[in-house]
Structure formats: C-alpha cells, structure tokens
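Have a look at the structure below, then the notes.
The values are calculated or read from the model by the stated rules, or taken from the named source; none is laboratory data. All values derive from a computational prediction rather than experimental measurement. When we count neighbours, we look across all protein chains shown, and the Cβ atoms used for this are built from the backbone with ideal geometry, even at glycine. Note: areas computed on protein heavy atoms with side chains; ligands, DNA, RNA excluded. Shrake-Rupley method; radii C 1.70, N 1.55, O 1.52, S 1.80 Å.
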Amino acid sequence: MASRKSSQPKRESRDKYSVLLPTYNERENLPLIVWLLLKYFGEGGYDYEIIIIDDGSPDGTLEVAEQLQKIYGKDKIVLRPREKKLGLGTAYIHGMKHATGNFIIIMDADLSHHPKFIPEFIEKQKEGGYDLVSGTRYQGNGGVYGWDLRRKLISRGANFLTQVLLRPGASDLTGSFRLYKKNVLESLVERCVSKGYVFQMEMIVRARQLNYTIGEVPISFVDRVYGESKLGGNEIVSFVRGLLTLFATT
Ligand code: GDD
Ligand code: MN
C-alpha cells in the first residue's frame with residue numbers, strides 16, 4: 001500500500017462511555033446489571049466506566065458495589081456514594097461530575113433497562129452524530145412489560161400531558177435510558193430546575209429548546225423483579241408541578 005505514514009486513523013475507540021447507575025436498595029440487581037454491562041461493552045470493544053451512585057441504601061447496596069469493584073477493578077467500577085437519599089436528579093449530576101468519558105449513559109440499575117440496547121444507542125449516535133440518543137418505549141419495537149394498568153396510565157398520561165403542553169418532539173419523555181454527549185448533558189443540567197423523576201422530562205424538553213439533535217432507539221422496559229419502585233404519589237405530584245412550571249416558564 002502507498003504511503004500511509006502520517007495517516008492519523010480516525011480512532012473511534014477514543015470515545016469513552018461513562019455509565020451512571022443510581023442505586024437505592026438494589027443489592028439483588030447490582031451484580032447482574034454490572035455483569036451485563038461488562039459483557040456488552042466488552043463484546044463491542046468499547047472503552048467505558050460504570051459509576052455507581054448509591055444514596056446510603058439501608059439494604060447494603062454499597063457493600064455489594066465494593067465487592068464488584070474488587071472483582072472488576074477500579075478503572076471499570078467507580079463508586080461515588082452519598083450519605084442519604086437525595087433524589088434521582090441530583091444523583092445523576094453528582095455522578096456526572098466524576099465521569100471521565102466524553103459520552104454519558106444514564107440508566108436504571110434495576111434491570112428494567114437492558115444493557116443489550118447500549119450498542120444500539122452507540123451506533124445510533126455515530127450514525128447521526130446526535131447530541132443525545134433516547135430510548136423509547138413508545139415507538140417501533142419498544143414497549144413496557146410487567147406494569148399494572150395504574151402504572152401504564154401514569155406513564156402514558158405523563159407523556160401525553162407533556163406532549164400536548166410542551167411539544168418536545170420526542171416520543172418517550174419520562175424514560176431515563178439515554179446517551180448524551182458529555183458537554184451536552186452538562187449544559188442541560190445547568191438549565192434544569194427539577195430534582196426528582198420529572199428531571200428526565202425536563203432534560204428532553206430543554207434539549208429540544210436548545211436545538212440539540214435527538215436520536216431514538218426503541219427499547220423494551222421490563223418491570224423490576226427484585227425490590228420495589230421508588231415512584232410514589234409524591235413523585236407524581238412533583239411531576240405535575242414540574243410540568244406546569246415548565247409550561248409556564250418556557
Ligand atoms: N442514588 C439514588 N437516589 N438512586 C435512586 C433514587 C435516589 O434517591 N431513587 C431511585 N433511584 C434509583 C433506583 O435504585 C433505580 O436504579 C433507578 O433509580 C430508578 O428507580 P425506580 O424506583 O426503579 O424507578 P421506576 O422503575 O419507578 O421508574 C422508572 O421509570 C420512570 C418512568 O418511565 C425510571 O426509569 C424513571 O426514571 C422513569 O421516569
Ligand atoms: Mn424501576
């Protein structure tokens with residue numbers, strides 16, 4: 001082959017993916033989700049780290065995380081615990097500050113979000129150079145499994161209300177399985193005012209306002225087998241309050 005001397009190959013492998021895993025009482029789920037993440041990142045040959053943000057879980061999640069760090073190494077498993085339960089939104093922000101990747105993946109630790117979709121997120125992002133890629137339960141092969149009617153109605157209702165009020169141009173607004181360019185996530189976080197579950201919705205609404213490009217990947221969301229959801233009446237009230245605030249201010 002002719003002179004390739006200075007050819008700086010465009011090495012995609014320079015990309016690094018930081019996964020943020022917020023945990024609250026996920027002792028049973030953590031070893032499996034971590035194992036699956038390692039499997040899919042390993043198979044894809046991607047560079048990655050897993051940042052576990054535990055909020056003082058009484059069930060000993062942090063001890064399990066420490067064991068996993070011993071097994072898989074400190075470069076792969078990063079622990080950024082906090083003293084007590086301070087909410088999902090601030091857990092992401094806290095984790096993000098410690099991320100060394102140029103991409104950040106946000107997902108639940110309870111196996112509702114399957115790591116097998118991550119390579120699809122990554123490929124989708126590369127394909128369109130998207131600022132963020134959002135997993136969607138409401139498009140293509142996406143779906144929800146194991147939720148009762150109440151929970152389905154809450155999710156559909158939250159999405160519907162937000163679609164009508166804010167027209168954000170994405171099909172799943174309350175989902176939280178997403179990949180962001182790190183600088184994009186940082187700029188979104190700066191602008192976000194909400195702290196609880198409503199955070200996910202605000203993030204995508206703000207992304208649209210700032211003209212960030214959004215790719216979507218259909219995902220199946222499977223309800224957790226171990227432990228229980230932390231979404232209660234309080235979170236629903238604060239979701240609606242957050243939605244109305246956004247409606248009034250944007
Ligand atoms: N560190 C930390 N602190 N983690 C938390 C906290 C907290 O205060 N609250 C929840 N988590 C963790 C859980 O351990 C889990 O890994 C993840 O955040 C999601 O919490 P779940 O309690 O399992 O949420 P869910 O299944 O009811 O809700 C899911 O679906 C919603 C609607 O689609 C999540 O994906 C939500 O983000 C989403 O809005
Ligand atoms: Mn869950």
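Is at least one residue of the stretch 51-61 surrounded by 14 or more Cβ atoms within 10 Å (Cβ to Cβ), over 17 Å from the mean Cα position of the chain (by Cα), within 15 Å of residue 230 (Cβ to Cβ) and hydroxyl-bearing (Ser, Thr, Tyr)? Yes, the stretch 51-61 contains at least one residue that is surrounded by 14 or more Cβ atoms within 10 Å (Cβ to Cβ), over 17 Å from the mean Cα position of the chain (by Cα), within 15 Å of residue 230 (Cβ to Cβ) and hydroxyl-bearing (Ser, Thr, Tyr). Among the residues in the stretch 217-232, are any touching a residue at least 24 places away in the same chain (Cβ under 8 Å), open to solvent by 60 Å² or more (accessible area, probe 1.4 Å) and more than 16 Å from ligand 2 (Cβ to nearest atom)? So far as the stretch 217-232 goes, no, none of its residues is touching a residue at least 24 places away in the same chain (Cβ under 8 Å), open to solvent by 60 Å² or more (accessible area, probe 1.4 Å) and more than 16 Å from ligand 2 (Cβ to nearest atom). Residues in the stretch 196-227 that are within 11 Å of ligand 1 (Cβ to nearest atom) and aromatic (Phe, Trp, Tyr) were compared, and the one that is modelled with the highest pLDDT is 221.
Are any residues in the stretch 170-195 part of a loop (DSSP other than H, G, I, E, B) and either farther than 21 Å from residue 113 by Cβ or over 14 Å from the mean Cα position of the chain (by Cα) (or both), and if so, which ones? Correct list: 170, 171, 192, 193, 194, 195. Looking only at residues of the stretch 100-124 that are hydrophobic (A, V, I, L, M, F, W, C) and open to solvent by 10 Å² or more (accessible area, probe 1.4 Å), we find that the one that is nearest to residue 197 (Cα to Cα) is 111. Every listed requirement among (1) in contact with a strand residue (DSSP E or B) (Cβ under 6 Å, 6 or more places away or on another chain); (2) within 12 Å of ligand 1 (Cβ to nearest atom); (3) open to solvent by less than 20 Å² (accessible area, probe 1.4 Å); (4) modelled with pLDDT under 95 is met by residue 95 save one, (4).
Select from the stretch 125-143 the residues that are open to solvent by less than 50 Å² (accessible area, probe 1.4 Å) and more than 22 Å from residue 155 (Cβ to Cβ) and write down the one among them that is farthest from ligand 2 (Cβ to nearest atom). Among them, the one singled out is 129.
Residues that are farther than 22 Å from residue 190 by Cα and not in a helix (DSSP H, G or I) do occur in the stretch 80-97, at least one of them.
Quick one: is residue 230 more than 8 Å from ligand 1 (Cβ to nearest atom) and of a type outside the set (Val, Ile, Thr)? First the steps, then the outcome.
Working: more than 8 Å from ligand 1 (Cβ to nearest atom): no; of a type outside the set (Val, Ile, Thr): yes.
Criteria not met by residue 230.
Filtered by the rule that a residue be over 22 Å from residue 235 (Cα atoms) and either assigned to a loop (DSSP other than H, G, I, E, B) or at pLDDT below 90 (or both), the stretch 130-142 gives 130, 131, 139, 140, 141, 142.
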